[in-house]
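Since the structure comes first, as structure tokens, the remarks are kept for the end.
The values are calculated or read from the model by the stated rules, or taken from the named source; none is laboratory data. Just so it is clear, the structure is predicted and the values come from calculations on it, not from any experiment. Methodologically, a virtual Cβ is constructed for each residue, glycine included, from the backbone with ideal geometry; neighbour enumeration extends over all protein chains shown.
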Amino acid sequence: MVSEEKITKKLTKKLGREPTADEVAKKMKKMLKKAAKKAEAASPAKTEKKRKAEEAQPSKDTKKPKTDAESWRAAQRVAVTPAAASAKYAPATTWASARSMVDGELVALCEAKGWPGPTPIQAQCWPILCDDRDVVAVAETGSGKTLGFGMPALSKFKKALAGRGKRQPAMLVLAPTRELANQSFEVLQEFCGKVGATAAVAYGGVPKHEQKREIAKCAALVATPGRLNDFIQEGSVDLSKVSFFCLDEADRMLDMGFVQEVKKIAAACSNPEKLTAMFSATWPTEVQNIASEFLKPDFVRVNVGAERGADEGPEANKRIDQSVIVTEERSRDGRLLEILKQRYQSGTSANYATARLIVFGLYKKECARLETFLNGKKWKCVAIHGDMSQAARNQAFEDFKSGAVPLLVATDVAARGLDIPNVELVVNFSFPLTIEDYVHRIGRTGRAGKTGTSITLFHGEGHEKALAGALQNVLRGADMPVPKELLKFGSTVKKKQDKNYGAFGPKRGMEGKTATKITFD
């Protein structure tokens, strides 16, 4: 029998004080209930009755076996929503199965390149897009997203090109930066040749006349929003025949810097039957509502990687070894040189000459200063930032991509989408303005199944302190150590606020209409 005296002694030891009568009674009731349950379980009659009841119930082990598609998705961490779409669209995991939905000539080109099979984002998106369903696709950097949307679009060109006149592309891809637009164009141009079509690219910083000439005859157009809107206003392009509309790096295209430009372009793509695809490595909550304005109600979402809650932030590529060095802002130049010396000994060493690394700065002037500083210390490098002419940017990018120069210093114009083979190291000299940009920056390494390293110099001043919690979440999500020094900045993830109203902005879905400007005569 449970003794009240024993219970009182136990509670006194646990609480560090004499328990109240209610606390003793509550504890006694709990212990008596536990003892009765134990005695009941030991009763032979009860045991036999329980056994028969369990036999009458279906076994928990007789679950419905997983289909091949479900097993593949579990292994590749692929999620498809809604559930009906998940059941309907089995992934095309081999080139043989891909041939049943995308053009055989395009598949043959992939096989000729020695690629073992479609990447997870390609395998899952192709059957959906080929069935004319809008798609939002989220996958890590370097996962083959360009052909994820490109192959289904080009496969439909025989039908899409019918009845199309000059200056009327059938496919439109919008990209946030000139470098990314040019890269997507190069990929699509190669594959366009297999379906008897041509591609063109349009971006600012270069003369318009040559771009206009190429647009007049192209079937696939890749463009940045600013230059494309110029061409629309001039009547140099007609988007009414666009049957496939894609936003590459869609989260960036739908933020406040681009969304109004994108809306104008989407309105010009007036074909009601057009297919819309949005591809990105990150998909923050704040752009999801805006995205629905461009998509049909029955769109399908494909996610490769763990589904992340709104408070967890984006997921980084787990093949990247991330490290964070907490240092004073003024000490970063010295720290950067230490990193380079530890890894490459000197700027004239053989292992540096064959290296490929990127140093990210936040501002144009900062990158220009770093380029001068590093070259002065005999670490050969080039830079890319917004104060450079397009010709200079193109030359710097080509020098780095070809391996003629081992180190690229860049602002976030080089953070998204750029596929530069064999980048082994990314250094964040300054932390970006958003945690999504951090994931994109470090994603320049560890691409296409390879491993890579990222090192971040974090000083915690200005905007950096507010992002410390989000950075900790990304590190933990990738099973990377979180430095103790980083924890001193706090672990709170600051909620993103409304641009105009701060913390008191309208709730999502209740933003209301945009104000109309009234002009008085």
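Quick check: anything in region 345-353 buried (at least 16 other Cβ atoms within 10 Å of the Cβ) and at pLDDT 90 or above? Break it down stepwise before answering.
In the first step, residues of region 345-353 are kept if they are buried (at least 16 other Cβ atoms within 10 Å of the Cβ); the result is 347, 352.
Next, from what is left, pick out any that are at pLDDT 90 or above: 352.
Scanning region 345-353 turns up at least one residue that is buried (at least 16 other Cβ atoms within 10 Å of the Cβ) and at pLDDT 90 or above.
Per the listing 123, 112, the residue uniquely of a type outside the set (Val, Ile, Thr), farther than 23 Å from residue 180 by Cβ, free of Cβ contacts under 8 Å to residues at least 60 places away in the same chain and crowded, with 24+ Cβ neighbours inside 10 Å is 123.
If you check 515, 448, which single one turns out to be at pLDDT below 90, closer than 24 Å to residue 418 by Cα and not in a strand (DSSP E or B)? Even if it seems obvious, please write down each step before you answer.
Numbers: 515 fails: closer than 24 Å to residue 418 by Cα.
Criteria check complete, one pass: 448.
Hey, can you tell me all the residues within region 226-259 that are touching a strand residue (DSSP E or B) at 6+ places or on another chain (Cβ under 7 Å) and of a type in the set (Asp, Glu)? If the condition is that a residue be touching a strand residue (DSSP E or B) at 6+ places or on another chain (Cβ under 7 Å) and of a type in the set (Asp, Glu), then 248, 249, 251 are the ones that fit.
Checking the conditions here, which among 410, 404 is surrounded by fewer than 22 Cβ atoms within 10 Å (Cβ to Cβ), aliphatic (A, V, I, L, M) and modelled with pLDDT of 90 or more?
Working: 410 fails: surrounded by fewer than 22 Cβ atoms within 10 Å (Cβ to Cβ).
Going through 410, 404 in turn, the sole match is 404.
Being assigned by TED's automatic domain parsing to the domain that holds residue 269, surrounded by fewer than 24 Cβ atoms within 10 Å (Cβ to Cβ) and either of a type in the set (Phe, Trp, Tyr) or in contact with a helix residue (DSSP H, G or I) (Cβ under 8 Å, 6 or more places away or on another chain) (or both) is a description that applies to residue 191.
Do any strands (runs of 3 or more DSSP E) entirely within region 358-442 hold 2 or more residues that are under 30 Å from residue 469 (Cα atoms), of a type in the set (A, V, I, L, M, F, W, C) and touching a helix residue (DSSP H, G or I) at 6+ places or on another chain (Cβ under 7 Å), and if so, which?
407-410, 425-428
Evaluated against (1) in contact (Cβ under 8 Å) with a residue 12 or more places away in the chain; (2) over 24 Å from residue 451 (Cα atoms); (3) among the charged types (D, E, K, R), residue 321 falls short on exactly one condition, (2). Of the helices (runs of 4 or more DSSP H) entirely within region 170-284, those holding at least 3 residues that are farther than 30 Å from residue 112 by Cβ and touching a residue at least 24 places away in the same chain (Cβ under 8 Å) occupy 225-234, 250-253, 259-268. The residue of region 127-141 that is surrounded by the most Cβ atoms within 10 Å (Cβ to Cβ), among those that are assigned to a loop (DSSP other than H, G, I, E, B) and within 10 Å of the chain's Cα centre (by Cα), is 141.
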